[in-house]
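The values are calculated or read from the model by the stated rules, or taken from the named source; none is laboratory data. Predicted model, so just to flag it, every value in this text is computed and none were measured. Cβ placement follows ideal geometry from the backbone for every residue including glycine, while neighbour counts extend to all protein chains displayed. Surface areas here come from the heavy atoms of the whole protein model, side chains and all, with no ligands, DNA or RNA. Shrake-Rupley method; radii C 1.70, N 1.55, O 1.52, S 1.80 Å.
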Amino acid sequence: MTSSNLAREAYSKILDMIIDGRLKPGEILQEAALGNLLDVSRTPVREAIKRIESEGLAELQGRFTRLRRVEPEEVEEIFFIRLSLEPDCANAASAVPPEALDEIEALTRAIMREGPGESDRQWHIDGKFHAMIADAAGNRTVAKVISDLHRRTCIFDHRVVPERFLKGCEEHLEIIDALRRNDTAAASEKMRDHLENARDAILKRLDGFQTVEEQDR
């Protein structure tokens, strides 16, 4: 297995530990301890921890990387900004090349048919979809902001919010269809609905996390 695959596998396993509560907010992510637990060397664990930190799930405190809690208020703030930007991007995305729409539709239908599996495939396709529309709007700064915000909620994928997987894909296809018809107003409206649905599902899941934590006290 290549080093990048080992790092991806280590990331997936650490993420599972965060999701199921084996790793809790405030805990230090230690390369050696996690490497022993996962039976891998420190290098892929180090790469996995860097990715977790880049996604806002952990923060560097002195020499240590400490796991942080994703609060509902943070999710609200992220989606407030995305809702302020992405519907307008969809409304301005009349220049999406037909071949780009064909490609993202084929990827979306394939993952709906085959399932998300255990890789990051869903997240990458989702990111590609939102980046395509942001790029077509023609504002590189806005596109970068959207990409950064998208990364900060990547933990909430099919493993954490499974009910959103097929529904989210269907919403993507509806937006693609509107763009094919050059109905950017409909694409904008459907993008707003899509983001609101994603936000609400994440907040519901976070509420479930908090309920479990309260029961454990």
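Open to solvent by less than 60 Å² (accessible area, probe 1.4 Å), basic (K, R) and in contact with a helix residue (DSSP H, G or I) (Cβ under 6 Å, 6 or more places away or on another chain): is that true of R199 in this structure? Step through it out loud before you land on a result.
Values: open to solvent by less than 60 Å² (accessible area, probe 1.4 Å): yes; basic (K, R): yes; in contact with a helix residue (DSSP H, G or I) (Cβ under 6 Å, 6 or more places away or on another chain): yes.
The answer is yes for R199.
Give the number of residues within segment 134-149 that are among the β-branched types (V, I, T) and open to solvent by 70 Å² or more (accessible area, probe 1.4 Å). Spell out the reasoning first.
Restricting attention to segment 134-149, the residues satisfying the condition of being among the β-branched types (V, I, T) are 141-142, 145-146.
From what's left, open to solvent by 70 Å² or more (accessible area, probe 1.4 Å): 141.
Final tally of qualifying residues: 1.
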Open item on the list: Go through (1) touching a Phe, Trp or Tyr at 6+ places or on another chain (Cβ under 9 Å); (2) over 17 Å from I18 (Cβ atoms) for V75 and report which single condition fails.
Closed with: (2)
Task: Selected residue [hydrophobic (A, V, I, L, M, F, W, C) and either within 30 Å of A185 (Cα to Cα) or open to solvent by less than 10 Å² (accessible area, probe 1.4 Å) (or both)] from I81, I28 - done: I81
Open item on the list: Just to be sure I understand, how many residues within segment 31-46 are exposed (fewer than 14 other Cβ atoms within 10 Å of the Cβ) and out of contact with any helix residue (DSSP H, G or I) (no Cβ under 8 Å at 6 or more places or on another chain)?
Closed with: 3
Task: Every pair of residues 6+ apart whose Cβ atoms lie under 6 Å, when the first sits in segment 190-210 and is over 21 Å from C169 (Cβ atoms) while the second is at pLDDT below 95 and assigned to a helix (DSSP H, G or I) - done: L206/P72
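Please find, within segment 84-97, the residue that is least open to solvent (accessible area, probe 1.4 Å) out of those that are touching a residue at least 40 places away in the same chain (Cβ under 8 Å), part of a loop (DSSP other than H, G, I, E, B) and not β-branched (V, I, T).
Taking segment 84-97 and keeping what is touching a residue at least 40 places away in the same chain (Cβ under 8 Å), we get 85-96.
When the remaining residues are screened for being part of a loop (DSSP other than H, G, I, E, B), the result is 92-96.
Applying the additional criterion that residues be not β-branched (V, I, T) yields 92-95.
Numbers: A92: 50, A93: 3, S94: 81, A95: 72 Å².
In this case the residue turns out to be A93.
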TODO: Any residue in segment 6-24 that's at positive phi and outside any helix (DSSP H, G or I): show its pairings with residues that are of a type in the set (A, V, I, L, M) and at pLDDT below 85 at Cβ separation under 9 Å, as long as the two are six or more apart or on different chains.
DONE: G21/V212
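Could you tell me whether any residue of segment 68-88 is within 16 Å of D177 (Cα to Cα) and at pLDDT 95 or above? Working first, answer last.
Within segment 68-88, the first condition is being within 16 Å of D177 (Cα to Cα), and the residues that meet it are 87.
This time we only want the ones that are at pLDDT 95 or above, so: 87.
The answer is yes, given that some residue of segment 68-88 is within 16 Å of D177 (Cα to Cα) and at pLDDT 95 or above.
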Open item on the list: Among the residues in segment 118-125, are any open to solvent by 20 Å² or more (accessible area, probe 1.4 Å) and hydroxyl-bearing (S, T, Y)?
Closed with: yes
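Only residues that are of a type in the set (D, E) and open to solvent by 60 Å² or more (accessible area, probe 1.4 Å): list them for segment 103-117, please.
Quick first cut of segment 103-117, residues of a type in the set (D, E) only: 103, 105, 114.
E103, E114 - these are the residues of segment 103-117 that are of a type in the set (D, E) and open to solvent by 60 Å² or more (accessible area, probe 1.4 Å).
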TODO: Taking A100 as meeting all but one of (1) touching a helix residue (DSSP H, G or I) at 6+ places or on another chain (Cβ under 7 Å); (2) at pLDDT below 95; (3) among the small types (G, A, S); (4) surrounded by 15 or more Cβ atoms within 10 Å (Cβ to Cβ), write down the number of the exception.
DONE: (2)
